[in-house]
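The structure under discussion appears below in the form of structure tokens.
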């Protein structure tokens with residue numbers, strides 16, 4: 001049993017994780033097209049988690065000195081926690097404006113008031129910064145509700161996966177799609193990733209066709 005992993009092993013693992021994140025999110029979009037909101041939400045969370053695995057493996061590949069190895073068992077342990085991978089996969093924090101904020105922002109844009117529009121944007125960014133540290137844990141709990149029937153002691157009733165809304169599923173799929181698309185764009189100039197895909201005998205997922213397929217499935221689900 002090989003208990004050590006080198007640069008090439010990390011690179012191949014990163015490629016596999018990136019490809020899998022693409023495939024899983026496409027599966028989520030297919031389920032959304034069939035009006036299966038809860039299952040599509042669950043898979044969208046899994047896609048972000050696999051993107052997080054890709055980011056973590058890429059980071060370890062970058063940090064590992066030449067001709068050195070990682071302990072494979074220790075690496076597997078570090079990649080085990082769901083919340084760690086979800087945090088690593090998240091690069092966007094959707095924060096909708098309140099109706100008052102949206103009205104004020106639109107008014108500022110119309111009168112070309114950059115100071116006012118920038119102030120509102122700063123408020124949104126500050127709120128996103130406050131929310132982000134808690135979102136991985138909250139998303140994991142939401143995923144469990146989308147996956148299982150469970151009893152909620154606080155409400156005294158059974159929670160059902162079907163209670164996940166289409167809007168929740170659509171928003172998450174679109175957000176994770178953008179996160180994966182950014183990773184695919186960034187990977188275009190990454191030599192070691194291209195070499196790893198060549199070793200695997202696979203092509204790196206194409207960002208354009210990936211996003212096109214996701215949008216098409218979302219449109220089908222919204223009909």
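The values are calculated or read from the model by the stated rules, or taken from the named source; none is laboratory data. What you are looking at is a predicted structure, and each value in this text was computed from that prediction instead of being measured. With ideal geometry, Cβ positions are generated from the backbone for all residues, glycine too; neighbour counts draw on all protein chains shown.
For the reader, a short list of remarks on this structure follows.
- Of the criteria (1) touching a residue at least 12 places away in the same chain (Cβ under 8 Å); (2) within 16 Å of residue 39 (Cβ to Cβ), which one residue 101 fails: (2)
- Meets criteria (surrounded by 24 or more Cβ atoms within 10 Å (Cβ to Cβ), assigned to a helix (DSSP H, G or I) and either at pLDDT below 95 or touching a helix residue (DSSP H, G or I) at 6+ places or on another chain (Cβ under 7 Å) (or both)) for residue 11: no
- Extreme residue, nearest to residue 163 (Cα to Cα), among residues of the range 26-43 that are in contact (Cβ under 8 Å) with a residue 60 or more places away in the chain and outside any helix (DSSP H, G or I): 35
- Among residues of the range 185-210, those that are farther than 25 Å from residue 66 by Cα and surrounded by 17 or more Cβ atoms within 10 Å (Cβ to Cβ), counted: 3
- Any hit, the range 164-173, residues being within 19 Å of residue 53 (Cβ to Cβ), within 21 Å of the chain's Cα centre (by Cα) and part of a helix (DSSP H, G or I): yes
- If only residues of the range 67-100 that are more than 26 Å from residue 46 (Cβ to Cβ), modelled with pLDDT under 85 and surrounded by fewer than 16 Cβ atoms within 10 Å (Cβ to Cβ) are counted, the one that is nearest to the chain's Cα centre (by Cα) is 98.
- Among the residues of the range 16-31, those that are over 18 Å from residue 209 (Cα atoms) and surrounded by 20 or more Cβ atoms within 10 Å (Cβ to Cβ) comprise 17, 31.
- The set of residues in the range 108-144 being touching a helix residue (DSSP H, G or I) at 6+ places or on another chain (Cβ under 7 Å) and either under 20 Å from residue 48 (Cα atoms) or touching a residue at least 60 places away in the same chain (Cβ under 8 Å) (or both) consists of 136, 137, 139, 140, 143.
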